[in-house]
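In what follows, a single structure is set out as C-alpha cells and then discussed.
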Amino acid sequence: MDTEVGLHFMDEPTNDLDVTTLAILEDYLDSFDGIVITVSHDRYFLDRIVQRIFAFERDGKLRQYEGGYTDYALRLSMEEREAAGEETRQGSGGGRIQGQEDPDADRAGRKGKPDHMKARKLKFTYQEQRDYETIEAEIASLEERAERLEQETAAAVTDFVKLNVLAKEKEEVETLLEEKMERWMYLEELAARIAAEN
C-alpha cells in the first residue's frame, strides 16, 4: 500500500477487514502524510481517520464539513434545529397570509419538512453491527491471551530472548485490547442511543 504517490482512494475499506488488519490500516493512515479519499459508512473509522467530510446532500449538492463523522452529525442536527426554529417562528409570527401555500408542503398538499431536513433514524452500520455481535468474545479472548502471556513471562524469568519476545507480544495484545475496549464502549453507547430512539 505504501507508494510514492501520496494519494489513496478507498471504497468501504473496513467492510472485509478483521480487527487486527483494521488496526494496522488505521495506524498506517495515521502516519500517512498524503491525501486519503475514502467512501465509508463506518462512523467509528471516519471519526478516527478523517479531518474533512464531503457529503452528497439529498438535493444533489456536495457539501464540505470539517472534522469527522461526529462533527458532521452534530452540524446536521444543529441545522435541522435551526430550520425547525424558523418554521416555528413563521407559524406563530403570522409570516404567511391565510390561504398562502406552505413552502414546505409537497405536491400532494401534505405539510412537513423537506426530505433533507427530516431526522435520520440512528442505526448501526453493517460493520458496527458485525463488531457489536463479536466484540465481547474478542475482548475475552484477548484477556485470556494476556493472562497466558503473563504466566509464560513468569515461567521464563531466566530466558532473556524469550522474555523480549513475550514482552513485545504482550504489548501488542494490550494495545489491541485497549482499542477493543474503546470500540466496545462506543458501540454500547451507540446501542443505548438507538434503543432510546425506538
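Only the coordinates and a few stated rules stand behind these numbers; no lab work does. The structure displayed is predicted, hence computed values, not measured ones. Ideal geometry is used to build each Cβ from the backbone, glycine not excepted, and the neighbour counts take in all protein chains shown.
Assign one of three labels to region 126-197, namely rounded, prolate or oblate, based on the Cα gyration tensor with a ≥ b ≥ c the square roots of its eigenvalues; rounded applies when a/c is under 1.5, prolate when it is not and a/b is larger than b/c, and oblate otherwise.
prolate
What list do you get for LYS162, LYS61 if you sort them by fewest beta carbons within 10 Å?
Lowest count first: LYS61, LYS162.
Taking neighbour counts of Cβ atoms within 10 Å as a proxy for exposure, in what order, fewest first, do PHE56, PHE45, PHE124 appear?
PHE56, PHE124, PHE45
Please rank SER40, SER141, fewest neighbouring Cβ atoms within 10 Å first, as an exposure proxy.
Ordered from fewest to most neighbouring Cβ atoms within 10 Å, SER40, SER141 come out as SER141, SER40.
Taking Cα atoms of region 7-50, Rg/Rh with Kirkwood Rh, to two decimals?
0.91
Tell me, what HN-Hα J-couplings in whole Hz come from the Karplus equation 6.51 cos²θ - 1.76 cosθ + 1.60 at θ = phi - 60° for each residue of region 63-74, using x for Gly and Pro?
Couplings: 10, 9, 10, 7, x, x, 5, 4, 4, 4, 5, 5 Hz.
Only sites in a loop by DSSP and with at most 12 other Cβ atoms within 10 Å count here; which GluC sites (Glu not before Pro) in region 1-59 make the cut?
Passing sites in region 1-59 are GLU4, GLU57.
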